[in-house]
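> Dropping the structure in here first, questions after.
The values are calculated or read from the model by the stated rules, or taken from the named source; none is laboratory data. No experiment lies behind these values; they were computed from the predicted model shown. Here the Cβ positions follow ideal geometry from the backbone for every residue, glycine too, while neighbour counts run over all protein chains shown. Surface areas here come from the heavy atoms of the whole protein model, side chains and all, with no ligands, DNA or RNA. Shrake-Rupley method; radii C 1.70, N 1.55, O 1.52, S 1.80 Å.
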Amino acid sequence: MKRCPLCRAALNGADTCRRCRAELQKVQEVEREGQALLEAGMHSLSLGDAVAAERLLRRAVALHAAPETVALRQVVTASLRPFGDADAGGP
Ligand SMILES: [Zn+2]
């Protein structure tokens, strides 16, 4: 987290905002957990396990919906979706 989510002041690695005094330790912790889940999801993908990747990415998005996490989850979810079954049944 580079900027305070409340007032946008630069944080420079601090966990308390120097401008508005917001304590961001818990928020940064959640962001880190989301990042770790994203990385675990990408690792699962690299091993060819898209089902595990989707599960990890779903948890990552629930924790911290970073744009790159949301986008990757959409791609993985779409890849798991079964093909249309409109013509599966016979007459
Ligand atoms: Zn602030």
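> Considering (1) open to solvent by 60 Å² or more (accessible area, probe 1.4 Å); (2) more than 16 Å from the ligand (Cβ to nearest atom); (3) aliphatic (A, V, I, L, M), say which one residue 52 fails and leave the rest.
(1)
> Okay, moving on. Give me the pairs, please: first residue somewhere in segment 46-58 and without any contact (Cβ under 8 Å) to a residue 12 or more places away in the chain, second residue anywhere and hydroxyl-bearing (Ser, Thr, Tyr), beta-carbon distance under 7 Å, and either six or more positions apart or on two chains.
If the second residue must be hydroxyl-bearing (Ser, Thr, Tyr), the pairs left are 52/44.
> With the structure loaded, tell me whether residue 33 is more than 21 Å from residue 1 (Cα to Cα), at pLDDT 95 or above and either hydrophobic (A, V, I, L, M, F, W, C) or not in a loop (DSSP other than H, G, I, E, B) (or both) or whether it fails that test.
For residue 33, the condition - more than 21 Å from residue 1 (Cα to Cα), at pLDDT 95 or above and either hydrophobic (A, V, I, L, M, F, W, C) or not in a loop (DSSP other than H, G, I, E, B) (or both) - is not met.
> If the requirement is being in contact with a strand residue (DSSP E or B) (Cβ under 8 Å, 6 or more places away or on another chain) and either surrounded by 11 or more Cβ atoms within 10 Å (Cβ to Cβ) or among the acidic types (Asp, Glu) (or both), which of these qualifies: 16, 69?
16 is the lone residue from the list that is in contact with a strand residue (DSSP E or B) (Cβ under 8 Å, 6 or more places away or on another chain) and either surrounded by 11 or more Cβ atoms within 10 Å (Cβ to Cβ) or among the acidic types (Asp, Glu) (or both).
> Sticking with this structure for a sec: Evaluate the following for residue 47: is it surrounded by fewer than 16 Cβ atoms within 10 Å (Cβ to Cβ), at negative phi, modelled with pLDDT of 95 or more and not hydroxyl-bearing (Ser, Thr, Tyr)?
Against the criterion (surrounded by fewer than 16 Cβ atoms within 10 Å (Cβ to Cβ), at negative phi, modelled with pLDDT of 95 or more and not hydroxyl-bearing (Ser, Thr, Tyr)), residue 47 qualifies.
> Among the residues of segment 29-40, which ones are exposed (fewer than 15 other Cβ atoms within 10 Å of the Cβ), farther than 9 Å from residue 60 by Cα and of a type outside the set (Asp, Glu)?
Residues of segment 29-40 that are exposed (fewer than 15 other Cβ atoms within 10 Å of the Cβ), as a first pass: 29-30, 32-33, 36, 39.
After this cut, where a residue has to be farther than 9 Å from residue 60 by Cα as well, the list is 29-30, 32, 39.
If the condition is that a residue be exposed (fewer than 15 other Cβ atoms within 10 Å of the Cβ), farther than 9 Å from residue 60 by Cα and of a type outside the set (Asp, Glu), then 30, 32 are the ones that fit.
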